[in-house]
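Okay, structure first, notes after.
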Amino acid sequence: MVSIIVPVYNREHLIIPTLESVLGQTFNDWVCYLIDDRSTDNSEKIILDFIKRDQRFFFIKRPKNRNKGASTCRNIGLEQVKTEYIQFLDSDDIISKNKLDDQIQLLNKAGEYDLAISKWGFFNSNYDLFSNLEVYKAFNSIPNFLNALTKSKGYLPIHSYLIPKKIINISGGWNEHLTLNDDGEFITRVLVNCKKIHFANEAIAWYRRPTASNLSNSFDTISFQKAIHSL
């Protein structure tokens, strides 16, 4: 019922908690596609050793003739999907064990062009959950959701969403030419084609706390121009 798509590049020191969070889901009807962007570290071996534990994991290496980047890897994952719902998950983030279960229960009773969101927070050596955000509720209006988002740090990480494949079929895949804010550009197109948003109150998307070297924390002129381009 759910395909989990994980792009990977040089995550040998971070990928195991991500895989454990997938394997630990209380909802069992999933497959997980790990698309390697031709890592130069030991990521491939670590992943291949781990996924021997469960046949629901699939490892795919990006073909050399495809564009490099996480967006391409996500599109390669989407090309494999035969399930009703899509869970995007970055290779250094994790999801609470009940996330898929809680969101599937909501969407099974919802319209076919509805999606589900969860709470979120930062993690590293400790866990810091954002509480009482304006966006933590159900929405029958996407403009109302966007207004609430502006009062809620302006952002939900991509893995807080559970998205029906039907919405992505209409919205299109990831823009492989964007190198910054590709998730914001993608989810905006998804929201344009979404009817309602359902909120799983107990589900959590954990986002690894950014460091100064993170791409999203770069404020040089080139990065700023790329962000403007995505908008």
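The values are calculated or read from the model by the stated rules, or taken from the named source; none is laboratory data. Predicted, not measured: the structure shown is a model, and the values here were computed from it. Ideal geometry is used to build each Cβ from the backbone, glycine not excepted, and the neighbour counts take in all protein chains shown. When the accessible area is computed, the model is the full protein with side chains, heavy atoms only, and any ligands, DNA or RNA have been set aside. Shrake-Rupley method; radii C 1.70, N 1.55, O 1.52, S 1.80 Å.
Worth pointing out:
- Potential extension, residue 27-residue 229 segment - 0.36 nm per residue separation minus Cα distance: 68.9 nm
- For the chain, the spread of Cα positions along each principal axis, largest first, Å: 45, 44, 38
- Reachable lysines, given that their alpha-carbon falls under 30 Å from the alpha-carbon of residue 45 and they are not under 8 places away in the same chain: 61, 64, 68, 82, 97, 99
- Considering only the chain, percent of DSSP beta bridges that pair antiparallel, nearest 5: 25 percent
- Bridgeable lysines around residue 151 (alpha carbons under 16 Å apart, same-chain partners fewer than 8 residues away excluded): 119, 137.
- Among the trypsin sites (Lys or Arg not before Pro) in the range 98-186, those placed in a DSSP loop whose Cβ has at most 10 other Cβ atoms within 10 Å are 109, 151.
- Surface composition of the chain: carbon and sulfur make up 51 percent of the accessible area, probe 1.4 Å.
- Extension gain, residue 138 back to residue 209 (0.36 nm per residue minus Cα-Cα distance, nm): 22.9 nm
- Remark: the range 22-145 carries 48 Å² of accessible area per residue (probe radius 1.4 Å; ligands, DNA and RNA excluded).
- For the range 139-186: rounded, prolate or oblate by the Cα gyration tensor [a/c cutoff 1.5]: oblate
- Shape call, the range 54-133: gyration tensor on alpha carbons, a/c limit 1.5: oblate
- Computed [θ] at 222 nm, deg cm²/dmol, the chain (DSSP H ≥ 4; -39,500 (n - 2.57); rounded to nearest 500): -9000 deg cm²/dmol
- Shape category assigned to the range 104-231 from the gyration tensor of Cα positions, a/c cut at 1.5: oblate
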